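Visitor: Here it is: the structure, laid out below.
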Amino acid sequence: MHLGQGYRKVDGMLPITPDELKICPAFRGLSDPDFKQLVVCMSRRYLAHAGMVLFENEVDSDAAYVIQSGILVAEMPVEGGVAVEMAKMGPGAVVGELCLIRGGPRSLRVKAISEAYLIRIDREKFVDLRRAKNSAAYTVIRNICLTMCDRLRKSNEFIERELRHETPMAADFTSTSEESLAERARTYLSKLFGRGS
């Protein structure tokens, strides 16, 4: 099921509050007045059931999303209509956050594997805040960049350990000797890119 079939803006809901966003690393270090400046970019969204697509790969990115409840999965479509699961993300994770730094097409498809409530951060409105040199917007960009740098460093460490045939560190993920490199990488990326089961 694709965007538009059950994916909808949630009207008549409570206003978005700072407490809902403070658990997200992207909003670390922001004050309540900072959040009030960012709320102009935000609205609520709802995915009614499993299988609903939040966004497809290779389509222009127009928003980032904060998961409030439910589980989403990021997958890479490959030949023959098959998709490879890359990561599962749960409450507190931010999805598609790179579009707040730079626009462009999505690299993965993201869909719900349960009913999900989200906060949508509109890219164009966020870019307007950046152009206005809004300090809250730049704090969010800094936090996203720090998160991406940490992910890149950890991914490089994972690749280096694999190339050296070293035992993975227990803090990263649990692996069995029967798992293939692809399975270990998927498990690792799932834990690195978001929370979820």
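Visitor: Before we move on, is LYS22 without any contact (Cβ under 8 Å) to a residue 40 or more places away in the chain and either within 19 Å of CYS145 (Cα to Cα) or under 15 Å from the mean Cα position of the chain (by Cα) (or both)?
Guide: Considered against the rule, which asks whether it is without any contact (Cβ under 8 Å) to a residue 40 or more places away in the chain and either within 19 Å of CYS145 (Cα to Cα) or under 15 Å from the mean Cα position of the chain (by Cα) (or both), LYS22 comes out as yes.
Visitor: Under 6 Å between Cβ atoms, which residue pairs at least 6 apart in sequence (or on different chains) link something in the range 57-77 that is within 16 Å of LYS111 (Cβ to Cβ) with a partner that is surrounded by 14 or more Cβ atoms within 10 Å (Cβ to Cβ) and among the aromatic types (Phe, Trp, Tyr)?
Guide: Note: pairs meeting the criteria are SER69/TYR117.
Visitor: If the Cβ limit is 6 Å and pairs must be 6+ apart or interchain, which residue in the range 45-56 that is within 15 Å of ILE119 (Cα to Cα) pairs with which residue that is surrounded by fewer than 19 Cβ atoms within 10 Å (Cβ to Cβ) and of a type in the set (Ser, Thr, Tyr)?
Guide: Taking only residues 6 or more apart or on different chains, the pairs are TYR46/TYR117.
Visitor: Restricting the search to the range 36-60, which residues are farther than 30 Å from VAL84 by Cβ and either small (Gly, Ala, Ser) or out of contact with any Asp or Glu (no Cβ under 9 Å at 6 or more places or on another chain) (or both)?
Guide: Of everything in the range 36-60, those that are farther than 30 Å from VAL84 by Cβ and either small (Gly, Ala, Ser) or out of contact with any Asp or Glu (no Cβ under 9 Å at 6 or more places or on another chain) (or both) turn out to be LYS36, GLN37, LEU38, VAL39, SER43.
Visitor: Quick one: which residue in VAL66, VAL73, VAL39 is modelled with pLDDT of 90 or more, part of a helix (DSSP H, G or I) and surrounded by 14 or more Cβ atoms within 10 Å (Cβ to Cβ)?
Guide: Result: VAL39 is the single residue among VAL66, VAL73, VAL39 that is modelled with pLDDT of 90 or more, part of a helix (DSSP H, G or I) and surrounded by 14 or more Cβ atoms within 10 Å (Cβ to Cβ).
The values are calculated or read from the model by the stated rules, or taken from the named source; none is laboratory data. A quick note: this is a predicted structure, and the numbers were derived from the prediction, not measured. All Cβ positions, glycine included, derive from the backbone under ideal geometry; neighbour counts span all protein chains shown.
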